[in-house]
Amino acid sequence: MIDIIILKSYNELSSTVADIVEAQIKEQSKLVLPTGSTPLGLYDELVKRKLDWSTVMTFNLDEYIMNPDHPYSYHSFMRKHLFDRINIYPDDYHFPFRPTLSFEDKMTLGKGIDLCILGIGRNGHIAFNEPGSSFKSRTRVVNLSVQTRQDNSRFFDSIEDVPKQAITMGLKTIMESKKIVLMANGVHKFQILNVAMNGGVTENVPASILQNHNNVEVYYCD
Ligand code: PGA
């Protein structure tokens with residue numbers, strides 16, 4: 001079981017996680033970062049704090065199988081909301097790529113990932129590890145579930161435009177991070193969050209694997 005820390009507002013969620021990131025990036029560090037609606041406030045808050053990102057390396061959790069320059073790609077999302085607004089070197093931010101093993105080598109080279117920030121999908125996914133993903137999974141190409149494509153269609157012109165495949169860090173890859181922080185926002189996330197943190201540990205609820213990690217913090221606001 002993992003305690004779910006309930007915060008009063010989205011601003012508090014964003015600034016609480018920004019404090020954790022800020023404490024981390026004072027050192028040379030490697031971070032794993034998410035996309036989606038939930039981290040938008042976090043990224044705004046980090047930009048406002050004018051931190052020094054010049055020694056930081058980041059790795060995004062996932063990316064659609066699509067042209068990285070497409071306006072709806074996660075590359076574009078991250079550049080718009082974070083990377084183009086801070087002093088990180090373009091060579092220092094990474095997205096999952098093929099061959100997937102070289103991507104994992106880059107992540108684990110040296111001391112590995114210090115901090116991984118996650119969101120959670122309504123079906124319990126973390127990154128694009130959909131229900132049924134193996135707890136031993138590593139970075140790989142996956143098919144997206146109908147629910148995930150529906151949920152993400154709000155970022156696209158229509159559901160037909162949402163790619164059917166993505167490349168994602170695996171559950172085992174995520175679990176190798178030294179510290180993991182999961183952020184969830186909105187009442188529609190509470191039930192799955194509670195099942196994942198307090199129910200059985202099962203591949204049907206990918207986020208439940210976090211119960212097997214010894215340094216996880218979970219923050220929620222409605
Ligand atoms: P969201 O997505 O932040 O847009 O709700 C989270 C996720 O699906 O992992």
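Values in this text are rule-based calculations from the coordinates and carry no lab data. No experiment lies behind these values; they were computed from the predicted model shown. A quick note on method: Cβ atoms are made from the backbone with ideal geometry, for glycine too, and the neighbour counts reach across all protein chains shown.
Take every pair of alpha-carbon atoms less than 8 Å apart whose residues are at least six positions apart; their mean separation over the length of the chain yields a relative contact order of 27 percent. Set the bar at 20 Å for Cα to Cα. Now go through Lys136/Lys179; Lys8/Lys178; Lys106/Lys172; Lys111/Lys178; Lys26/Lys172 and name every pair that lies beyond it. From Lys136/Lys179; Lys8/Lys178; Lys106/Lys172; Lys111/Lys178; Lys26/Lys172, over 20 Å: Lys8/Lys178; Lys26/Lys172. Working from Cα pairs under 8 Å separated by at least six residues, relative contact order for region 1-74 is 33 percent. For trypsin sites (Lys or Arg not before Pro), the sites in region 139-222 that DSSP calls loop and that have at most 15 other Cβ atoms within 10 Å are Lys164.
Taking the inverse of the mean 1/r over every pair of distinct Cα atoms in the chain gives a Kirkwood hydrodynamic radius of 17.4 Å.
Overall, the anisotropy analysis places region 1-57 in the prolate class: the square-rooted eigenvalues a ≥ b ≥ c of its C-alpha gyration tensor yield a/c not less than 1.5, with a/b exceeding b/c. In plain terms, the chain from Asn198 to Lys136 could stretch by 20.2 nm, reckoned as 0.36 nm per residue minus the Cα-Cα distance. With 0.36 nm allotted per residue and the present C-alpha distance subtracted, the Gln28-Lys178 stretch has 52.6 nm of extension available. Taking 22 Å as R0, compute the FRET efficiency from the Cβ-Cβ separation of Phe156 and Asp84 and round it to 0.05. Rounded to the nearest 0.05, the efficiency is 0.55. Helix screen, the chain: no DSSP H segment has Cα axial length of 18 Å or more and mean Kyte-Doolittle hydropathy at least 1.6. Would you compute the Debye intensity of region 183-222 from its alpha-carbon atoms alone, equal scatterers and no solvent, and pass along log10 I(q)/I(0) at q = 0.14, 0.24 Å⁻¹ to two decimals? Log10 of I(q)/I(0), two decimals: -0.28, -0.79.
Here is the size of region 120-210 from its Cα atoms: Rg then Dmax, 13.1, 38 Å. The antiparallel fraction among DSSP beta bridges confined to region 10-133 stands at about 10%. Expressed per residue, the C-alpha convex hull volume of region 72-173 stands at 119 Å³. Here region 121-164 is described by how far its Cα atoms reach on the three principal axes: 35, 20, 13 Å, from widest to narrowest. For the chain, the share of DSSP beta bridges that are antiparallel, to the nearest 5, is 30%.
Sparsely packed loop sites in region 1-70 (the GluC sites (Glu not before Pro) outside DSSP H, G, I, E and B with at most 15 other Cβ atoms within 10 Å) comprise Glu27.
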